[in-house]
1. Among the residues of the stretch 96-153, write down those that are surrounded by 12 or more Cβ atoms within 10 Å (Cβ to Cβ), small (Gly, Ala, Ser) and modelled with pLDDT under 95.
2. Spot the failing condition for ASP71; the list is (1) over 22 Å from ILE4 (Cβ atoms); (2) open to solvent by 80 Å² or more (accessible area, probe 1.4 Å), and only one is missed.
3. Out of everything in the stretch 34-68 that is surrounded by fewer than 17 Cβ atoms within 10 Å (Cβ to Cβ) and over 28 Å from GLU106 (Cβ atoms), what residue ends up being nearest to the chain's Cα centre (by Cα)?
4. Suppose we filter the stretch 1-28 for residues that are touching a Pro at 6+ places or on another chain (Cβ under 9 Å), surrounded by fewer than 22 Cβ atoms within 10 Å (Cβ to Cβ) and polar (S, T, N, Q); how many remain?
Amino acid sequence: MPTIGIADTTFARYNMGRAAIDEIQKNVSVQIKRVTVPGIKDLPVAAKKLIEAEGCDIVMALGMPGAQQKDKMCAHEASQGLIMAQLMTNTHIIEVFVHEDEGKDEKELAFLMDKRTREHALNVIKLLFKPEKLIREAGTGQRQGFEDAGSLRM
């Protein structure tokens, strides 16, 4: 049975890990291993450990960078770490970040955090079980969270 790793943070203002697990369990039967770390810069090592020590086939790295410029820099550094961990383990780590300033208010931010997490959970399922669905979606302007952008026409 495949194993999906969930790495989330205490810094986030929404329980993205719970949303991801709920969406995955609604759609497939898999093992889930979850670890929670303080912040987004802790996610790369958490994800790598889920792959190497816990045998996860794919990992979701969930976090909420703050709205300040230094938070955006930290998010960039965390993203680089997640990319390095993917290359070191030859395993997908799906980064799901929602910046604190992406929502116009707290209600929209919570909506976005839930929807983006759930839509990426479905992408994880596609990567593991139905990669042909991703091929059919190529070039369709998929966006996780807000409305899809749609395809460009010639």
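The values are calculated or read from the model by the stated rules, or taken from the named source; none is laboratory data. These figures come from a predicted structure and were not determined experimentally. Here the Cβ positions follow ideal geometry from the backbone for every residue, glycine too, while neighbour counts run over all protein chains shown. SASA here: full protein model, heavy atoms, side chains in, ligands and nucleic acids out. Shrake-Rupley method; radii C 1.70, N 1.55, O 1.52, S 1.80 Å.
1. Listed by number, the residues that qualify are GLY103, GLY145.
2. If we test ASP71 against (1) over 22 Å from ILE4 (Cβ atoms); (2) open to solvent by 80 Å² or more (accessible area, probe 1.4 Å), just (2) comes out false.
3. Going through the qualifying residues, I end up with VAL45.
4. 1
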